[in-house]
Amino acid sequence: MTYQMFVNGEWRDSSNGESIPVLNPATGLSIAEVPSATNEDVALAAESAWDSFNGGAWSRISPGERSTVLLKVASMIEDRMVELANLETKISGKSIKQTTGYDLPYTVDNIRFLAGAARILEGKAMGEYVGEGTSAIRREPIGVVGVITPWNYPLMMVIWRAFPALAMGNSVVVKPASYTPLTTLELAKLIEKAGVPKGVFNVITGPGGRVGEALARNKNVDMIAFTGSTEVGKRLHELGSSTLKKISVELGGKAPFIVFEDADLDAATESAIVGGLVNNGEDCANSTRYYVHKSVKDKFTSLLIRKLKKVKVGDPMDPKTDVGPLISSSQRDRVEGYIKKGIDQGGKLLEGGKRPTINGMEKGFYLNPAVIYTENQQSDIVQEEIFGPVFSVLPFTTYDEVISKSNDVIYGLGSSVWTKNVTIAMNAVKDLRFGTVWVNEHVTVPSEMPWAGYKQSGHGASLSAYSLEEFTYIKHVYFDLTGKVRKSWYYQIYGGN
């Protein structure tokens with residue numbers, strides 16, 4: 001199947017006619033081709049978005065009118081949920097259980113929340129802060145937002161990054177990951193049908209090194225909203241600096257999963273399996289470092305492995321499958337490389353880490369989840385984001401020790417604490433330098449709550465009303481109340497005249 005890009009309300013090929021294949025990671029075979037955009041295509045999309053923004057057909061209508069259109073999109077996704085879930089599974093390798101039971105319904109809920117919240121965005125009350133006038137705050141759309149999305153949640157991340165921008169009246173140019181662009185292109189069809197004006201929502205496809213960088217450099221793009229790796233986030237800051245773009249980035253994660261001696265180990269290991277394997281382990285929120293108190297380390301590890309053995313790795317389209325393939329051959333090689341480094345740097349492989357043979361899918365990018373025990377805090381598997389199904393188990397003795405080790409990474413996105421002791425839990429919530437701290441749970445993020453990072457996990461928020469504020473300028477408006485020709489403070493110039 002051959003797709004086209006969506007630019008200025010039209011479906012078109014790349015200007016040079018080139019395309020790139022989209023592979024099914026379960027089979028390693030091509031299922032579609034998409035255009036490989038040129039710099040000229042990026043410039044056209046950015047110009048179209050800029051023209052649409054200045055035209056005002058979207059940016060100047062009321063929040064309620066924009067909300068109504070976005071709610072139509074949510075309903076259209078809901079109507080096509082089975083079809084879109086199947087496509088999302090085929091391009092990403094995640095299980096059909098996850099796309100139908102979580103990804104698509106959650107995505108619909110995200111849109112409905114953002115569309116509604118845009119109508120009641122709160123701000124500072126109008127007031128007199130100097131004696132002669134009233135001050136007020138306006139929030140206005142930034143302009144054109146370049147949205148660059150990752151391959152692990154292809155459709156959902158477009159919603160997280162592009163829809164707050166749309167809800168606030170911005171125009172967007174979306175550059176989906178080259179591995180997984182198809183559901184984003186299907187979304188563009190729904191947005192077109194819902195009545196979003198021409199040029200407000202654009203999708204360009206192609207390699208990030210060319211398309212994403214051209215978007216970040218383009219003078220008509222006022223802001224970049226990116227979800228992906230920390231290294232790419234740094235690069236986008238460099239590229240955007242020439243035009244002083246606003247940059248909102250949600251980057252890598254290395255979530256600690258802290259198990260104190262009084263924790264419910266059955267509940268903790270249950271969540272550890274889900275937290276480590278959701279989205280095939282390719283999730284920045286995944287629990288990756290399991291700090292377990294020495295007194296319960298052996299029991300926790302034994303229970304973890306026993307439950308892990310029950311997890312089924314297989315065809316993601318099979319409803320009985322729990323874990324599908326990784327996104328690509330290179331990503332599997334990368335994860336295997338980390339497993340080897342973890343062992344070479346003093347760790348012990350306790351379970352998994354090998355390639356399974358899936359009948360009829362020998363070319364798929366499968367890998368059995370691995371459990372590695374290590375006491376090396378500086379090991380690469382402890383310090384770096386793996387983005388794969390690797391469980392690193394580490395022992396600890398004291399509260400101060402585990403908090404220090406948990407914070408001892410460059411990332412600060414998600415974390416969790418397992419204890420029945422309220423005092424320990426409350427102190428950990430305060431002391432952990434992560435944008436989210438779960439207590440006796442891991443991964444849950446309601447649409448109403450922000451997903452945001454500390455340190456090199458980025459800045460800016462996804463979801464919640466805070467994400468809407470990300471895509472606005474703050475404007476101070478001042479009204480003189482005196483009607484005087486010469487105000488009291490004019491003496492600075494006029495003196496005694």
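Working carefully through the options Val402, Val382, find the one that is farther than 12 Å from Gly342 by Cβ, crowded, with 23+ Cβ neighbours inside 10 Å and modelled with pLDDT of 95 or more.
Val402
With Gly495, Gly412, Gly483 as the choices, which residue is among the small types (Gly, Ala, Ser) and surrounded by 17 or more Cβ atoms within 10 Å (Cβ to Cβ)?
One residue alone meets the criteria, Gly412.
Residues in segment 391-400: is at least one among the β-branched types (Val, Ile, Thr), assigned to a loop (DSSP other than H, G, I, E, B), out of contact with any Leu (no Cβ under 7 Å at 6 or more places or on another chain) and farther than 14 Å from Asp344 by Cβ?
Looking for residues that are among the β-branched types (Val, Ile, Thr), assigned to a loop (DSSP other than H, G, I, E, B), out of contact with any Leu (no Cβ under 7 Å at 6 or more places or on another chain) and farther than 14 Å from Asp344 by Cβ, one finds at least one in segment 391-400, hence yes.
Restricting attention to segment 47-66, which residues are among the small types (Gly, Ala, Ser) and either surrounded by 19 or more Cβ atoms within 10 Å (Cβ to Cβ) or not assigned by TED's automatic domain parsing to the domain that holds Asp222 (or both)?
Ser48, Ala49, Ser52, Ser59, listed by residue number.
When the residues of segment 462-480 are filtered to those that are among the hydrophobic types (A, V, I, L, M, F, W, C) and closer than 17 Å to Ile120 by Cβ, which remaining residue is surrounded by the most Cβ atoms within 10 Å (Cβ to Cβ)?
Ranking the candidates gives Phe471 first.
On the basis of being closer than 23 Å to Asp283 by Cα, modelled with pLDDT of 95 or more and touching a Gly at 6+ places or on another chain (Cβ under 6 Å), does Tyr338 make the cut?
Spelling it out, it is not the case that Tyr338 is closer than 23 Å to Asp283 by Cα, modelled with pLDDT of 95 or more and touching a Gly at 6+ places or on another chain (Cβ under 6 Å).
Within the set of pairs 6 or more residues apart or between chains, which connect a residue that is in the same structural domain as Arg139 (by TED's automatic domain parsing) inside segment 101-127 to a residue that is in a helix (DSSP H, G or I) and among the charged types (D, E, K, R) with Cβ atoms less than 6 Å apart?
Taking only residues 6 or more apart or on different chains, the pairs are Val108/Glu78.
Criterion first (part of a strand (DSSP E or B) and free of Cβ contacts under 8 Å to residues at least 60 places away in the same chain) does Leu350 satisfy it?
For Leu350, the condition - part of a strand (DSSP E or B) and free of Cβ contacts under 8 Å to residues at least 60 places away in the same chain - is met.
Tell me the helices (runs of 4 or more DSSP H) entirely within segment 408-497 that contain at least 2 residues that are farther than 30 Å from Gly276 by Cα and not assigned by TED's automatic domain parsing to the domain that holds Leu121.
It comes to 491-494.
Touching a Leu at 6+ places or on another chain (Cβ under 6 Å) and among the aliphatic types (A, V, I, L, M): is that true of Ala216 in this structure?
yes
Are there any pairs with C-beta distances below 8 angstrom linking a residue in segment 17-43 that is closer than 29 Å to Val313 by Cβ and surrounded by 21 or more Cβ atoms within 10 Å (Cβ to Cβ) to a residue that is of a type in the set (Lys, Arg) and modelled with pLDDT of 95 or more, with the two at least 6 apart or on different chains, and if so which?
Final answer for the pair search is Asn24/Lys90; Ala26/Lys90.
Which count do you get for residues in segment 244-276 that are assigned to a helix (DSSP H, G or I), aliphatic (A, V, I, L, M) and buried (at least 24 other Cβ atoms within 10 Å of the Cβ)?
Number of matching residues: 2.
Please specify each residue of segment 68-121 satisfying the condition of being assigned to a helix (DSSP H, G or I), among the hydroxyl-bearing types (Ser, Thr, Tyr), more than 17 Å from the chain's Cα centre (by Cα) and buried (at least 21 other Cβ atoms within 10 Å of the Cβ).
Within segment 68-121, Thr89 is the sole residue that qualifies.
So that you can scan it fast, the table gives a plain yes or no per residue for (1) crowded, with 21+ Cβ neighbours inside 10 Å; (2) polar (S, T, N, Q); (3) outside any helix (DSSP H, G or I); (4) outside the structural domain of Gly64 (by TED's automatic domain parsing):
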{"site": "Tyr179", "(1), (2), (3), (4)": "no, no, yes, no"}
{"site": "Leu190", "(1), (2), (3), (4)": "no, no, no, no"}
{"site": "Lys193", "(1), (2), (3), (4)": "no, no, no, no"}
{"site": "Lys198", "(1), (2), (3), (4)": "no, no, yes, no"}
{"site": "Val211", "(1), (2), (3), (4)": "yes, no, no, no"}
{"site": "Ala214", "(1), (2), (3), (4)": "yes, no, no, no"}
{"site": "Val221", "(1), (2), (3), (4)": "yes, no, yes, no"}
{"site": "Gly240", "(1), (2), (3), (4)": "yes, no, no, no"}
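The values are calculated or read from the model by the stated rules, or taken from the named source; none is laboratory data. Bear in mind that the values here come from a model prediction, so they are computed numbers and not experimental data. No Cβ is skipped: glycine too gets one built from the backbone with ideal geometry, and neighbour counts run over all protein chains shown.
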